[in-house]
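Everything below concerns the one structure shown next.
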Amino acid sequence: MKFTMAIPVGDITPGEFQTTEALREMAVALEAAKVDACYLTDHPAPSAEWLHANGHDAVDPFTTFGFLAAMTTRLKFHTNILVMPYRNPFLTAKAAATLQVLSGGRLILGLGAGYQKIEFEALGVDFHKRGAIFDEGLEVLRLAWAGGAVVKEGRNFIARGNEPRPTPDTQPPVWIGGGSDKAVERAAKWGDGWSPFFAAPGMTSLNQESGIHSVEQLSGKISDLQEMRAAQNKAGQFDICIGPQEKLVFGSSDGIQKYIDDIGELASVGVTWAMVEPPHPSRQAYIEHVQWFGEEIVGRLFPSSRSDTAASPGEEW
């Protein structure tokens, strides 16, 4: 099991998170705690009503991860999730390839179809065609990263022998976000991983519908996904990323064993990465929570020193 942890750069508390020094301190803490990756979400132009009700701010993930890559050596960078239909796929391929090359291969490109209609409208993208735009974008990513000229006509673009660069020696893994049946199909066809989420109170009705509601349901969808991949003769490493349904209480010893047991249950059905979201009332509190997680969770699960040569995800279980 590996861990990807939220880094609260989107929080606009003055001076706490959106500064170079804040990035440096949080990145150092994440690496010291032996957290495997940090994640950011994607909202270029969210609804003001949503933002000020129960939403959240979001910095540009590629720009931010560029800063973080220069401050770290091991930490991976996980977009959770980047909304593929928002952008021309060649621009997404360029940004992702650039970060992958300059970070030394540390990008995990989590992608989703998106759900906020008003944001699609602000960006000039047809909300009702987002699924089809997503699918053609996934194809373009692979074509762009393969090297050489690309010939492809999409709904909003025509490539007549264009050659995107750079071409990464190792393509960033693509994780498909969402728990719907369609997300499972996309993950099986185009992905190197699948990143669903458990439905929770306060989510939009659309997210409630596409969310996972139990470990049993998750296990069934993972089995379906594996069957789809086998039918397409796909083999090799494939990651499943989701956090436990019951949230960890940071700083308390009471729930540690329950959390570790929940991680074990997820691993038993095929999960290889767990998502973690520490509270962050301040930068110092966030750093202390990261340190606590490294000592009480990572340290207990992996008492020997973890390194880049450690076992593959899931082997410890």
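The values are calculated or read from the model by the stated rules, or taken from the named source; none is laboratory data. Remember, it's a predicted structure, so these values are computed and weren't measured experimentally. So basically every Cβ, Gly included, is an ideal-geometry build from the backbone, and we count neighbours across all protein chains shown.
Mind checking whether some residue in the stretch 111-134 is among the acidic types (Asp, Glu), farther than 21 Å from TRP273 by Cα, out of contact with any strand residue (DSSP E or B) (no Cβ under 9 Å at 6 or more places or on another chain) and surrounded by 18 or more Cβ atoms within 10 Å (Cβ to Cβ)? No; the residues of the stretch 111-134 include none that is among the acidic types (Asp, Glu), farther than 21 Å from TRP273 by Cα, out of contact with any strand residue (DSSP E or B) (no Cβ under 9 Å at 6 or more places or on another chain) and surrounded by 18 or more Cβ atoms within 10 Å (Cβ to Cβ). In the stretch 146-199, of all residues being aromatic (Phe, Trp, Tyr) and surrounded by fewer than 18 Cβ atoms within 10 Å (Cβ to Cβ), the one that is nearest to LYS76 (Cα to Cα) corresponds to TRP190.
For a quick check of your reading: which helices (runs of 4 or more DSSP H) sit entirely within the stretch 1-74 and have at least 3 residues that are under 16 Å from the mean Cα position of the chain (by Cα) and modelled with pLDDT of 95 or more?
In the stretch 1-74, the matching helices (runs of 4 or more DSSP H) lie at 61-71.
A Cβ distance below 6 Å, combined with a sequence gap of six or more or placement on separate chains, defines the contacts here; from the stretch 71-85, residues that are within 18 Å of LYS2 (Cβ to Cβ) and touching a residue at least 40 places away in the same chain (Cβ under 8 Å) reach residues that are part of a strand (DSSP E or B) and aliphatic (A, V, I, L, M) in the pairs LYS76/ALA37; LYS76/ILE108; PHE77/LEU107; HIS78/ALA37; HIS78/ILE108; THR79/LEU109; ILE81/LEU111.
Restricting attention to the stretch 247-269, and to residues there that are within 24 Å of GLY178 (Cβ to Cβ) and in contact with a Gly (Cβ under 8 Å, 6 or more places away or on another chain), which single residue is modelled with the highest pLDDT?
From the stretch 247-269, those within 24 Å of GLY178 (Cβ to Cβ) are 247-248, 262-263, 265-269; that's our starting set.
From the residues that got through so far, the ones that are in contact with a Gly (Cβ under 8 Å, 6 or more places away or on another chain) too are 248, 267.
Working: LEU248: 94, ALA267: 97.
Going through the qualifying residues, I end up with ALA267.
Applying a threshold of 6 Å to beta carbon distances and a minimum spacing of six or more residues, or different chains, the list of pairs starting in the stretch 156-180 at a residue that is touching a residue at least 12 places away in the same chain (Cβ under 8 Å) and ending at one that is charged (D, E, K, R) and crowded, with 22+ Cβ neighbours inside 10 Å reads ILE176/ARG186.
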